[in-house]
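The values are calculated or read from the model by the stated rules, or taken from the named source; none is laboratory data. All of these numbers come straight from a predicted model, not from anything done at the bench. Cβ placement follows ideal geometry from the backbone for every residue including glycine, while neighbour counts extend to all protein chains displayed. Heavy atoms of the whole protein, side chains included, go into the accessibility calculation; ligands, DNA and RNA do not. Shrake-Rupley method; radii C 1.70, N 1.55, O 1.52, S 1.80 Å.
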Amino acid sequence: MAEARGSGPRPEAGSRPEAPPRRERLAQILRFALVGGVNTGTFFGCYLLLHPWMPYFAAYSLAFLLSMIGSFFLNTYFTYRTRPTWKKFALFPLTNVTNYLVQSVGLYALVTWAGMDDRIAPLVAAVVAIPFTYLVSRRILVPRNTGQSSAAPGPESETDERRHSRLA
């Protein structure tokens, strides 16, 4: 039981374990779910505000883009506790292509084939996309050389990033 708390054998100084402990992974998933809830609320609010002035799919796409920017910052700082960089910011939309495709196909299918209300269908499609989004965003935002993020990243924790390349 002591090892589960992280008091077991430690790696050499300066190195990190290959995978995050189970407790940290669970905390990360819970933070991701919280950010997802905030992001979904932001997306849906934007969608409802834009929908009266444009077709539903255009409103959906613009709301998606706006909420994705917010999602990037919430996920880097809060979920994965890593630094945002221009590189990650540039790659983050690429990782969300999967999310966008899953949600778009779901939205189209739900509205066109299932006859679902176009104000509710985006929420249902978003729920289906959650597992895909977690896996893809973690892959982009968490440096591969550590296998995990750190609450207080040091210079060796993200060797592909330089402090002067930080966003925000």
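Between THR82, THR112, which is among the polar types (S, T, N, Q) and not in a helix (DSSP H, G or I)? I'd like the intermediate steps shown before the answer.
Working: THR112 fails: not in a helix (DSSP H, G or I).
Matching residue, one of THR82, THR112: THR82.
Scan region 115-145 residue by residue and report those that are open to solvent by 70 Å² or more (accessible area, probe 1.4 Å) and not polar (S, T, N, Q).
Quick first cut of region 115-145, residues open to solvent by 70 Å² or more (accessible area, probe 1.4 Å) only: 119-120, 127-128, 130-132, 135, 139, 144-145.
Residues satisfying the conditions are ARG119, ILE120, VAL127, VAL128, ILE130, PRO131, PHE132, LEU135, ARG139, ARG144.
Here are some residues: ALA13, ALA4. Which one is surrounded by fewer than 16 Cβ atoms within 10 Å (Cβ to Cβ), aliphatic (A, V, I, L, M), modelled with pLDDT under 90 and out of contact with any helix residue (DSSP H, G or I) (no Cβ under 9 Å at 6 or more places or on another chain)?
On the way: ALA4 fails: out of contact with any helix residue (DSSP H, G or I) (no Cβ under 9 Å at 6 or more places or on another chain).
The unique qualifying residue is ALA13.
Mind checking which pairs have a first residue in region 96-110 that is among the small types (Gly, Ala, Ser) and a second that is open to solvent by 70 Å² or more (accessible area, probe 1.4 Å), Cβ under 7 Å, 6 or more apart or different chains?
GLY106/VAL128
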